[in-house]
Amino acid sequence: MPRPAPPEATRRIAIAGQDVDYHLRRSRRRTIGLTIDQRGLRVGAPQQARLGDIETLIREHGQWVLDKLADWRNRAVPERLAIADGTVISALGAALTVTVTPGSRQRWLFSEPKLHLFVPPAVEARVVLEKALREKARLVFAERLAHYAPRLGVAPPPLRISAARTRWGSCSQRGGIALNWRLVLMPLAIVDYVVTHELAHLREMNHSPRFWSVVEQLCPDWQARRLELRQLARQIPQI
């Protein structure tokens, strides 16, 4: 009987003539998954998956891997936004002027083109701003999921609001969708691209040509929107 593979290992693979290090973690998962963040390429695989199959999958997604790694190398750290009365932020493609008023409890009111924050003395304005934007994000994301899901013939999936630093969205094996609240700082067209991308995973839990065909049914210009997302991701401020 073969010995089980070690749960974690760092390996190297050649992709289009470039040597790429990757961190392999084995677990009880059923599929092979690739993620890229500030630490580099990370691969999750089932305990018994053959190394040859794992590296074949990496090479099949080789250009995506190289593009993502280049994105991280070139990514500038966004500045932390100073939140004060009169600060202007972009939300869903429109300018939103923040007003800051002392208050006895944390409250907010969207009255476009303004967002009114009521901030207690012991609380930072950015804390209240993030809560307001998370609430706005949940409402908008739920509405967009309800808009697009019927076009795939599925019910709107459970929604979770994420604060991940490296992913805009994800779809679980159980059909739940997580969307990053910071998407609310981007135009609605970009929100829609991420929403349709994750909904497409309800049909194809991969990034195969069939998957992109499903995305295209919902978002015909997905390639332009994906490129814009990558560009805007480098610009949105830290809150």
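Under the combined filter of DSSP loop state and at most 12 neighbouring Cβ atoms within 10 Å, region 46-147 retains these trypsin sites (Lys or Arg not before Pro): Arg50, Arg75, Arg105. Taking label positions 7 Å along the Cα-Cβ direction at both Thr35 and Ala142, the computed distance is 2.6 nm, reported to one decimal. Within the straight-line cut-off of under 27 Å between alpha carbons, the lysines reachable from Lys114 are Lys131, Lys136, sequence neighbours fewer than 8 places apart in one chain being disregarded. Straightening the chain between Arg12 and Met205 buys 66.9 nm, computed as 0.36 nm per residue apart minus the Cα-Cα spacing. For the chain, the mean projected area of the C-alpha convex hull, equal to one quarter of the hull surface, is 15.6 nm². Backbone phi angles across region 26-43, fed through the Karplus curve with coefficients 6.51, -1.76 and 1.60 (θ = phi - 60°), yield HN-Hα couplings of 9, 7, 7, 4, 9, 10, 8, x, 10, 9, 10, 9, 5, 8, x, 7, 10, 10 Hz in residue order; Gly and Pro are listed as x.
Shape analysis of region 11-89 yields a ratio of the Cα radius of gyration to the Kirkwood radius, Rg/Rh, of 1.19. Listed by chain and number, the aspartates and glutamates whose C-alpha is less than 13 Å from the C-alpha of Lys68, apart from same-chain residues fewer than 8 away, are Asp37.
Here the gap between Ser104 and Leu51, fully extended at 0.36 nm per residue and compared with their Cα-Cα distance, gives a gain of 13.2 nm. For region 148-193, the C-alpha radius of gyration sits at 1.19 times the compact-globule guess of 2.2 N^0.38 Å, with N the residue count. Each residue of region 193-210 is assigned a 3J(HN,Hα), and the resulting list reads 4, 5, 4, 5, 4, 6, 4, 4, 5, 5, 9, 9, 8, 6, 10, 7, x, 5 Hz, derived from the Karplus form 6.51 cos²θ - 1.76 cosθ + 1.60 (θ = phi - 60°), x at Gly and Pro. Computed from Cα atoms, the angle from the helix 125-148 axis to the main principal axis of the chain rounds to 60 degrees. Loop-located trypsin sites (Lys or Arg not before Pro) in region 161-239 (DSSP state not H, G, I, E or B) with no more than 11 neighbouring Cβ atoms inside 10 Å: Arg165, Arg174.
In this simple spin-label model, placing a label point 7 Å from the Cα along the Cα-to-Cβ direction at both Asp85 and Arg160 gives a separation of 4.1 nm. Applying the Karplus relation 6.51 cos²θ - 1.76 cosθ + 1.60 with θ = phi - 60° to region 221-236 yields 3J(HN,Hα) values of 9, 4, 5, 5, 5, 5, 5, 5, 4, 4, 5, 5, 4, 7, 10, 5 Hz, where x marks Gly and Pro.
Under 5 Å between amide hydrogens, built in the peptide plane, is the criterion, and for Lys114 it picks out Thr97 among residues at least 5 positions away or on other chains.
Per-residue ellipticity at 222 nm, computed for the chain from helices alone with -39500 (n - 2.57) per DSSP H run of at least four residues, works out to -11000 deg cm²/dmol.
Each reported figure results from applying straightforward, stated rules to the coordinates on display, with no laboratory input. Since we're looking at a predicted model, the values are computed, not measured. Here the Cβ is made from the backbone with ideal geometry for all residues, glycine too, and neighbour counts use every protein chain on show.
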